[in-house]
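To start, the structure itself, in C-alpha cells.
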Amino acid sequence: MNNTKISIIFYSATGVNYQMASWAAQAAEAAGAEVRLRRVHELAPDKAIDSNPAWRATADAIKSIPEASADDLDWADAILFSVPTRFGNMAAQMKQFIDLQGPLWAQGKLVNKVVSGMTSAQNPHGGQEMTLQSLYTPMMHWGAVIVPPGYTDDSLYPAGGNPYGTSATQQDDGGVLPEVRPAVEHQTRRLLEIADWLKSGRQNA
Ligand SMILES: Cc1cc2nc3c(=O)[nH]c(=O)nc-3n(C[C@H](O)[C@H](O)[C@H](O)COP(=O)(O)O)c2cc1C
C-alpha cells in the first residue's frame with residue numbers, strides 16, 4: 001500500500017455505525033494504510049441523548065474519538081463515511097459536517113478524493129439505498145471518485161447485497177449481524193486499492 005491515507009468518518013447514535021466504522025478502521029490498518037477514525041459533531045441536545053440509554057452509552061463510548069474536521073478530508077486519499085438512516089436520508093449530523101466543507105470545496109481540495117459510504121437502518125427497506133444516494137450526491141459536486149462495492153465480492157450477499165455500500169439492518173438487540181463485517185472489510189480494501197491506483201497513477205503522470 002502506497003502510504004495510502006484513509007479517513008473513516010462516522011455518525012452513530014446507538015452504536016451500529018460506530019461498529020461498522022471500527023471494523024473498517026481495523027481492516028484498513030491490517031491493509032497497511034494510515035488511518036484516521038473520526039466521529040462527526042453531535043447536534044442533538046443532551047435531553048434527547050439521555051432519553052435513550054443506547055444513545056447515551058454510545059455517546060460515552062465514542063467521546064474519546066476525535067471529532068472530524070476539514071483537515072481529515074484534506075489529508076486523506078480515501079474517505080469512508082458511515083451514517084444511519086433518518087427518514088430515508090442521512091442523519092443531520094453528517095449532513096452538517098458535509099455542509100461545513102464549503103471552504104475546502106471552494107479551494108478544489110475535494111476533487112478526486114476517493115470516497116465510499118456505509119449505512120444502517122431499522123428495516124431492510126427503510127431507506128438504506130436512499131441514504132447512500134443522499135450521501136453520494138454532495139460528493140458528485142466535489143468531483144470525488146465514488147467507489148461503490150457493486151457486486152465485486154461474495155461477502156456482499158450474506159450482508160444484504162447492497163451494491164451502493166455496505167448497509168446493516170439493526171437487530172432487535174440493537175446490534176449488527178456479524179455477516180456484515182466481511183462486507184465492510186471488502187469495501188474498505190476495495191476503496192484503498194482504488195485510491196492507491198489513483199495515487200500511483202498521478203505520481204507517474
Ligand atoms: C429520527 C429517526 C429516524 C429514523 N428513520 C428511519 C428510517 O427511515 N428507516 C429505517 O429503517 N430506520 C430508521 N431509523 C432507525 C435508524 O436508522 C437505526 O436505528 C440506525 O440505523 C442505527 O444506527 P446507529 O446505531 O449507528 O445510530 C430512524 C431512527 C431515528 C431516531
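The values are calculated or read from the model by the stated rules, or taken from the named source; none is laboratory data. In this text, all values refer to a predicted model and were calculated from it rather than measured experimentally. Here the Cβ positions follow ideal geometry from the backbone for every residue, glycine too, while neighbour counts run over all protein chains shown. Side chains included, ligands, DNA and RNA excluded: accessible areas come from the protein's heavy atoms. Shrake-Rupley method; radii C 1.70, N 1.55, O 1.52, S 1.80 Å.
Hey, any hits in the range 119-130 for a residue that's outside any loop (DSSP other than H, G, I, E, B), of a type in the set (D, E, K, R) and under 17 Å from residue 17 (Cβ atoms)?
yes
Looking at (1) out of contact with any helix residue (DSSP H, G or I) (no Cβ under 6 Å at 6 or more places or on another chain); (2) within 22 Å of residue 15 (Cα to Cα), which is the one condition that is false for residue 176?
(1)
Which residue pairs have Cβ atoms under 7 Å apart, sit 6 or more places apart or on different chains, and have a first residue in the range 12-32 that is without any contact (Cβ under 8 Å) to a residue 12 or more places away in the chain and a second that is more than 13 Å from the ligand (Cβ to nearest atom)?
29/35
With the condition kept exactly as written, say whether any residue in the range 156-176 is under 28 Å from residue 70 (Cβ atoms), part of a helix (DSSP H, G or I) and not hydroxyl-bearing (Ser, Thr, Tyr).
Looking for residues that are under 28 Å from residue 70 (Cβ atoms), part of a helix (DSSP H, G or I) and not hydroxyl-bearing (Ser, Thr, Tyr), one finds none in the range 156-176, hence no.
Select from the range 166-205 the residues that are crowded, with 17+ Cβ neighbours inside 10 Å and in contact with a Pro (Cβ under 6 Å, 6 or more places away or on another chain) and list them in ascending order.
If the condition is that a residue be crowded, with 17+ Cβ neighbours inside 10 Å and in contact with a Pro (Cβ under 6 Å, 6 or more places away or on another chain), then 169, 187 are the ones that fit.
Kindly provide the set of residues from the range 114-148 that are crowded, with 19+ Cβ neighbours inside 10 Å, out of contact with any Leu (no Cβ under 8 Å at 6 or more places or on another chain) and in contact (Cβ under 8 Å) with a residue 40 or more places away in the chain, ordered by number.
Once the filter is applied, which keeps residues that are crowded, with 19+ Cβ neighbours inside 10 Å, out of contact with any Leu (no Cβ under 8 Å at 6 or more places or on another chain) and in contact (Cβ under 8 Å) with a residue 40 or more places away in the chain, the range 114-148 yields 120, 121, 127, 128, 131, 134, 135.
For the range 165-189, how many residues meet the condition of being farther than 18 Å from residue 83 by Cα and in contact (Cβ under 8 Å) with a residue 60 or more places away in the chain?
1
Which ranges mark the helices (runs of 4 or more DSSP H) fully within the range 7-110 that have 3 or more residues being within 14 Å of the ligand (Cβ to nearest atom) and more than 20 Å from residue 159 (Cβ to Cβ)?
Output list reads 53-62, 92-99.
Could you give every pair whose Cβ atoms fall below 7 Å, whose first residue belongs to the range 41-63 and is over 19 Å from residue 95 (Cβ atoms) and among the hydrophobic types (A, V, I, L, M, F, W, C), and whose second residue is within 11 Å of the ligand (Cβ to nearest atom) and open to solvent by less than 60 Å² (accessible area, probe 1.4 Å), counting only separations of at least 6 or pairs across chains?
As it stands, the answer is 54/14; 54/15; 54/174, since those pairs meet every condition given.
If the requirement is being at pLDDT 95 or above and either surrounded by fewer than 20 Cβ atoms within 10 Å (Cβ to Cβ) or of a type in the set (Asp, Glu) (or both), which of these qualifies: 19, 26?
26
For the range 60-112, name all the residues that are surrounded by 12 or more Cβ atoms within 10 Å (Cβ to Cβ) and in contact with a Gly (Cβ under 8 Å, 6 or more places away or on another chain).
61, 80, 81, 82, 83, 85, 88, 89, 110, 112 - these are the residues of the range 60-112 that are surrounded by 12 or more Cβ atoms within 10 Å (Cβ to Cβ) and in contact with a Gly (Cβ under 8 Å, 6 or more places away or on another chain).
Identify all residues within the range 149-164 that are surrounded by 16 or more Cβ atoms within 10 Å (Cβ to Cβ) and free of Cβ contacts under 8 Å to residues at least 40 places away in the same chain; write none if there are none.
Residues satisfying the conditions are 153, 155, 156, 159, 160, 162.
State yes or no: is residue 10 under 29 Å from residue 163 (Cβ atoms) and exposed (fewer than 14 other Cβ atoms within 10 Å of the Cβ)?
The answer is no for residue 10.
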